[in-house]
Amino acid sequence: MNIGRGNMTKLINGKEIAQNLRNELKKEINNLKSKFGKVPGLAVVQVGNVAASSVYVKAKTKSAKEVGIEIIDHHLGEEISESDLLRLIMKLNNQENVNGILVQLPLPNHINEQIILDSINPKKDADGFHPLNVGKLSIASHNDENLLIPCTPYGCLIMLKGLGINLSGMNAVVVGRSNIVGKPMAQLLLKESCTVTIAHSKTKNLQEVCKNADIVVAAVGRPEMIKGNWIKKGAIVIDVGINRVEINVNGENKIKLVGDVDFLEAERNALAITPVPGGVGPMTIACLLRNTTIAFKNSQLT
Ligand code: GUN
């Protein structure tokens, strides 16, 4: 899983950990198929053509098919009304072969995202964004394997636990307070008995706050904002950012993906760090497949 670095910093290989998770899911789905005569179904709803969303949806669809999940694809025009989208969600909520529903965000401005997320049947909530699942995450017991947990933070947690280090009592700083990453990440770290700080754009002395952390989870969406000298020696760094920046290579403009952490600098101080790409990204997708499989299993129990 970890590749030893010259300076002893471990590169956390999200690509490989995600592949292992997908292999396990593939086996499990095969067993479920034998047992129930059907496979988990995931409805993927995309509205419009935001370039990043198209990339994510394509990657999610491909991975789902590879592990044996059936995809029910709904790519809708940008102009669809909120009520028509709600009608589609209601249909999917009641559709027998749909176990998970994913509505790719962001939605166009004329659609209220929260209204749409609230309308998804919580039992089919493949992203774990429904208020009921958000609430369950904050109160459920630590070992509840049936929970639908937001995919990106859960993927980060798997990588952290994979280091085999006792996380209990560690100072964890989550930079970013989004509903998709920052807040659920903080809940998961709290469950691991970390002392959790949620920092954000209004935090005073962010550098000092980070410097005090044993674990830094960066989810701010700003390219290389977190500098290497903000990272304490021996800290663990999880970089959730996927930022497209333009760089000039031999007079030609190219797009490069960078994280929220200045990787080359931070790597010198960190005990372990995730790269971008190949860190959190593949884990998010693998966890979506995991949630879909959990939702399928839950549906067979009730
Ligand atoms: N947009 C950015 N990240 C996500 C995600 O994890 N799920 C969904 N549905 N939309 C997103």
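In the stretch 99-118, how many are within 24 Å of R290 (Cβ to Cβ) and surrounded by fewer than 19 Cβ atoms within 10 Å (Cβ to Cβ)?
Of the residues in the stretch 99-118, 4 are within 24 Å of R290 (Cβ to Cβ) and surrounded by fewer than 19 Cβ atoms within 10 Å (Cβ to Cβ).
Name every residue in the stretch 264-293 that is more than 16 Å from the ligand (Cβ to nearest atom), of a type outside the set (S, T, N, Q) and buried (at least 21 other Cβ atoms within 10 Å of the Cβ), in order of residue number. Don't jump to the end; show me each part of the working.
Of the residues in the stretch 264-293, the ones more than 16 Å from the ligand (Cβ to nearest atom) are 264-275, 278, 293.
From what is left, the residues that are of a type outside the set (S, T, N, Q) are 264-268, 270-273, 275, 278.
Those that are more than 16 Å from the ligand (Cβ to nearest atom), of a type outside the set (S, T, N, Q) and buried (at least 21 other Cβ atoms within 10 Å of the Cβ): A266, A270, A272, I273.
For (1) of a type outside the set (S, T, N, Q); (2) in contact (Cβ under 8 Å) with a residue 40 or more places away in the chain; (3) in a helix (DSSP H, G or I), each residue gets a yes or a no:
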{"site": "K256", "(1), (2), (3)": "yes, no, no"}
{"site": "A266", "(1), (2), (3)": "yes, yes, yes"}
{"site": "P275", "(1), (2), (3)": "yes, yes, no"}
{"site": "G278", "(1), (2), (3)": "yes, yes, no"}
{"site": "T284", "(1), (2), (3)": "no, yes, yes"}
{"site": "L288", "(1), (2), (3)": "yes, yes, yes"}
{"site": "T292", "(1), (2), (3)": "no, yes, yes"}
{"site": "N298", "(1), (2), (3)": "no, yes, yes"}
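Yes or no, residue by residue, for (1) touching a strand residue (DSSP E or B) at 6+ places or on another chain (Cβ under 7 Å); (2) of a type in the set (V, I, T); (3) closer than 17 Å to I12 by Cβ; (4) part of a strand (DSSP E or B):
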residue	(1), (2), (3), (4)
I165	no, yes, yes, no
V173	yes, yes, no, yes
M185	yes, no, yes, no
L188	no, no, yes, no
I198	yes, yes, no, yes
K204	no, no, no, no
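In the set I101, I89, which member is part of a helix (DSSP H, G or I), in contact with a helix residue (DSSP H, G or I) (Cβ under 7 Å, 6 or more places away or on another chain) and within 15 Å of the ligand (Cβ to nearest atom)?
Values: I101 fails: part of a helix (DSSP H, G or I).
Only one candidate qualifies: I89.
Condition first: closer than 21 Å to K91 by Cα, away from the ligand (no atom under 14 Å from the Cβ) and either among the small types (G, A, S) or assigned to a strand (DSSP E or B) (or both). Now tell me which residues in the stretch 60-74 satisfy that.
E70, I71, I72, D73
Give me the residue from the stretch 15-54 that is away from the ligand (no atom under 16 Å from the Cβ) and not in a helix (DSSP H, G or I) and, out of that set, farthest from G278 (Cα to Cα).
G37
A quick yes/no check of all residues on (1) within 17 Å of the chain's Cα centre (by Cα); (2) among the basic types (K, R); (3) modelled with pLDDT of 95 or more:
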position	(1), (2), (3)
I3	no, no, no
I17	yes, no, yes
L21	yes, no, yes
P40	no, no, yes
V50	no, no, yes
N94	no, no, yes
G100	yes, no, yes
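Count, please, the residues in the stretch 174-213 that happen to be among the hydrophobic types (A, V, I, L, M, F, W, C), touching a helix residue (DSSP H, G or I) at 6+ places or on another chain (Cβ under 6 Å) and farther than 23 Å from D144 by Cβ. So that I can check it myself, show each step before the final result.
Residues of the stretch 174-213 among the hydrophobic types (A, V, I, L, M, F, W, C): 174-175, 180-181, 185-186, 188-190, 194, 196, 198-199, 206, 209-210, 213.
Within this subset, residues satisfying the condition of being touching a helix residue (DSSP H, G or I) at 6+ places or on another chain (Cβ under 6 Å) are 174, 181, 185, 188, 196, 198-199, 210.
After this cut, where a residue has to be farther than 23 Å from D144 by Cβ as well, the list is 199, 210.
So the answer is 2.
Filter the stretch 151-168 down to the residues that are small (G, A, S) and in contact with a Ser or Thr (Cβ under 7 Å, 6 or more places away or on another chain), then identify the one that is farthest from the ligand (Cβ to nearest atom).
Going through the stretch 151-168, the residues small (G, A, S) turn out to be 155, 162, 164, 168.
Filter once more, keeping what is in contact with a Ser or Thr (Cβ under 7 Å, 6 or more places away or on another chain): 155, 168.
Values: G155: 10, S168: 28 Å.
Ranking the candidates gives S168 first.
Determine the pairs where a residue that is polar (S, T, N, Q), located within the stretch 129-144, has a partner that is at pLDDT 95 or above with Cβ atoms under 6 Å apart, the partner being 6 or more residues away or on another chain.
These pairs meet every condition: N133/P122; N133/D125; N133/L148; S138/Q187.
What is the number of the single condition among (1) more than 19 Å from A295 (Cα to Cα); (2) more than 18 Å from the chain's Cα centre (by Cα); (3) part of a helix (DSSP H, G or I); (4) within 14 Å of the ligand (Cβ to nearest atom) that V57 does not meet?
In the conditions (1) more than 19 Å from A295 (Cα to Cα); (2) more than 18 Å from the chain's Cα centre (by Cα); (3) part of a helix (DSSP H, G or I); (4) within 14 Å of the ligand (Cβ to nearest atom), V57 misses (2) alone.
Name the single residue that is nearest to the ligand (Cβ to nearest atom) among those in the stretch 122-150 being part of a loop (DSSP other than H, G, I, E, B) and surrounded by fewer than 20 Cβ atoms within 10 Å (Cβ to Cβ). Steps first, answer last, please.
Keep residues of the stretch 122-150 that are part of a loop (DSSP other than H, G, I, E, B), which gives 126-130, 140-150.
Still in the list and also surrounded by fewer than 20 Cβ atoms within 10 Å (Cβ to Cβ): 140-147.
Details: A140: 20, S141: 25, H142: 23, N143: 24, D144: 21, E145: 20, N146: 20, L147: 16 Å.
My answer is L147.
The values are calculated or read from the model by the stated rules, or taken from the named source; none is laboratory data. Treat the numbers as computed from the prediction; the structure is a model and nothing was measured. All Cβ positions, even for glycine, are placed from backbone atoms using ideal geometry, and neighbour counts span all protein chains on display.
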